[in-house]
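One structure is given below, encoded as structure tokens.
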Amino acid sequence: MEIQELTAVIKQDITALNSAVVDLQLFCNSKNEGGVSSDTSSHSTTVVDDLKNRLMSATKEFKDVLTMRTENLKVHENRRQLFSSTASKDSPNPFIRQRPLAAKSAAGASNNLPQWANGSASSSQLFPSPFNDELVTGYGTFCHWLNLR
């Protein structure tokens, strides 16, 4: 809402500046007809033309910014609708897997598991290491240190 209010204020200011430039041009035209020097007349015309050009340039930039903002809002809204509609179609939680990677029967599942997954050998038997406990403790300390930061 703030942007819309600022836009309305800026449009009012541009309208006021435009009418002020028109009034200034009318004033300069009346003075130029009153018998002032050609240098003064030329200077007045140059100043009024410069003010007109600056106002037109600022108005064009303002219009371009508003156009870009409108396009960005449309793109954002389209993305929001796209992602909210795909997320709602799939599941309430997009991080939950809907289908298993491989369909296995309950009876044959334990027979096809690798040695490390079916409990037949412990991890120390599969990966013998004299510093296994030290490594786990060090990793835990590192994770704790990260959480403190």
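Pairing residues of the range 21-33 that are touching a residue at least 60 places away in the same chain (Cβ under 8 Å) with residues that are of a type outside the set (Ser, Thr, Tyr) and exposed (fewer than 14 other Cβ atoms within 10 Å of the Cβ), at Cβ distances under 9 Å and at least 6 apart in sequence or on separate chains, gives no pairs at all.
What number of residues within the range 1-32 are within 15 Å of Asn53 (Cα to Cα) and of a type in the set (Ser, Thr, Tyr)?
So the answer is 2.
When the range 14-40 is filtered for residues that are part of a helix (DSSP H, G or I), exposed (fewer than 12 other Cβ atoms within 10 Å of the Cβ) and not β-branched (Val, Ile, Thr), the ones remaining, listed by number, are Ala16, Ser19, Asp23, Leu26, Ser30, Glu33, Ser38, Asp39. State whether one or more residues within the range 78-87 are more than 30 Å from Ile3 (Cα to Cα), modelled with pLDDT under 95 and not in a loop (DSSP other than H, G, I, E, B). Yes: the range 78-87 contains one or more residues that are more than 30 Å from Ile3 (Cα to Cα), modelled with pLDDT under 95 and not in a loop (DSSP other than H, G, I, E, B).
Can you confirm whether Lys52 is surrounded by fewer than 14 Cβ atoms within 10 Å (Cβ to Cβ), among the basic types (Lys, Arg), without any contact (Cβ under 8 Å) to a residue 60 or more places away in the chain and over 19 Å from Leu66 (Cα atoms)? It is false that Lys52 is surrounded by fewer than 14 Cβ atoms within 10 Å (Cβ to Cβ), among the basic types (Lys, Arg), without any contact (Cβ under 8 Å) to a residue 60 or more places away in the chain and over 19 Å from Leu66 (Cα atoms).
The values are calculated or read from the model by the stated rules, or taken from the named source; none is laboratory data. Being a predicted model, the structure only gives us computed values, none of them experimental. Cβ coordinates were reconstructed from backbone atoms using ideal geometry, including for glycine residues, and neighbour counts include every protein chain displayed.
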